[in-house]
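Shown next, in structure tokens, is the structure this report addresses.
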Amino acid sequence: MDALRAGDPRQVGVYRLVSRLGDGGMGQVFLGISPGGRPVAVKVIRPELTADPEFQRRFAREVDAARRVGGFHTAPVVDADPYDNPPWMVTAYIAGPSLQAVVVGGGPLDPVSVSRLGAALTEGLGAIHGSGLVHRDLKPANIIMADDGPRIIDFGIAQAVGATALTTPGTVIGTYAFMSPEQIRADTATPESDVFCLGCVLEIGRAHV
């Protein structure tokens with residue numbers, strides 16, 4: 001975690017922000033505290049992406065889809081306001097290092113651990129796809145190795161299956177080292193795209209990043 005910067009918000013909705021968790025192409029992620037004292041992850045969308053009202057409508061639909069994602073291997077959406085300026089989404093905060101940090105710090109996983117990781121992530125992707133979403137950015141940095149098993153996080157660029165992309169046509173979305181061929185071509189991502197990314201993740205899990 002990093003300290004809040006001078007220009008960072010201190011409050012989003014009813015959530016008090018206390019530190020930075022990360023950032024990406026669509027926004028920043030902060031550690032927040034709910035009014036009841038629960039830690040949450042607060043994703044704040046970049047203001048320049050909200051100039052188009054259609055963006056907000058599509059983001060609202062995808063937030064609704066993300067709320068339906070269940071299972072033990074994801075971080076559930078607990079609150080959102082896609083029409084705020086800027087829009088935001090709140091998920092449960094999952095404590096633990098990322099898979100990337102685990103491999104960088106401790107080396108490749110053993111075969112049994114990779115097998116268990118693959119089974120858990122497959123279950124998580126099943127919940128995501130069953131809710132009508134494609135994650136589009138499955139990578140070691142977006143997998144938290146929690147005490148009760150791995151969790152898939154960051155639905156910042158998730159997209160409803162069959163929906164028009166939130167970004168400009170022809171824009172490449174994702175992380176190159178963990179992208180399917182259709183994503184690199186800026187074509188429509190499908191659930192099969194996430195499966196390709198899963199293979200990349202498991203390969204990196206058994207080798208140094």
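Under 5 Å from the amide H of Arg16 lie the amide H atoms of Ile33, each residue being 5 or more positions distant or on a separate chain, with H modelled from the backbone and absent for Pro and chain starts. Here the chain is described by how far its Cα atoms reach on the three principal axes: 46, 38, 29 Å, from widest to narrowest. Values of log10 I(q)/I(0) for region 49-129 across q = 0.11 Å⁻¹ run -0.44, by the Debye formula with one identical scatterer at each alpha carbon and no solvent. Rounded to the nearest 0.05, the FRET efficiency derived from the C-beta distance between Ala95 and Thr122 at R0 = 22 Å is 0.45.
Subtracting the Cα-Cα distance of Val104 and Arg206 from 0.36 nm times their residue separation leaves 35.6 nm of extension gain. Taking the protein heavy atoms of the chain in the context of the full set of protein chains, the accessible area attributed to carbon and sulfur is 55 percent at 1.4 Å. Taking every C-alpha pair closer than 8 Å and separated by at least 6 residues, the mean separation divided by the residue count of region 1-137 gives a relative contact order of 18 percent. Full extension of the chain segment joining Val114 with Ile184 gains 22.6 nm, where the gain is 0.36 nm per residue of separation less the Cα-Cα distance. Taking every protein chain into account, the accessible area of the chain amounts to 48 square angstrom per residue (probe 1.4 Å).
Consider all pairwise Cα distances in region 1-64 and report the whole-number % of them above 12 Å. For region 1-64, the share of Cα pairs beyond 12 Å comes to 70 percent. Estimated at 0.36 nm per residue, the fully extended path between Ala6 and Arg67 surpasses their Cα-Cα distance by 18.8 nm. Between Ala177 and Ile33, the simple spin-label model (points 7 angstrom out along Cα→Cβ) gives 3.5 nm. Helical content alone sets the calculated 222 nm signal of the chain at -9500 deg cm²/dmol, taking -39,500 (n - 2.57) per DSSP H segment of four or more residues and averaging over every residue.
The values are calculated or read from the model by the stated rules, or taken from the named source; none is laboratory data. Predicted model only: the values in this text are computed from it and were never measured. Cβ atoms come from the backbone with ideal geometry, glycine included; neighbour counts cover every protein chain shown. Surface areas here come from the heavy atoms of the whole protein model, side chains and all, with no ligands, DNA or RNA. Shrake-Rupley method; radii C 1.70, N 1.55, O 1.52, S 1.80 Å.
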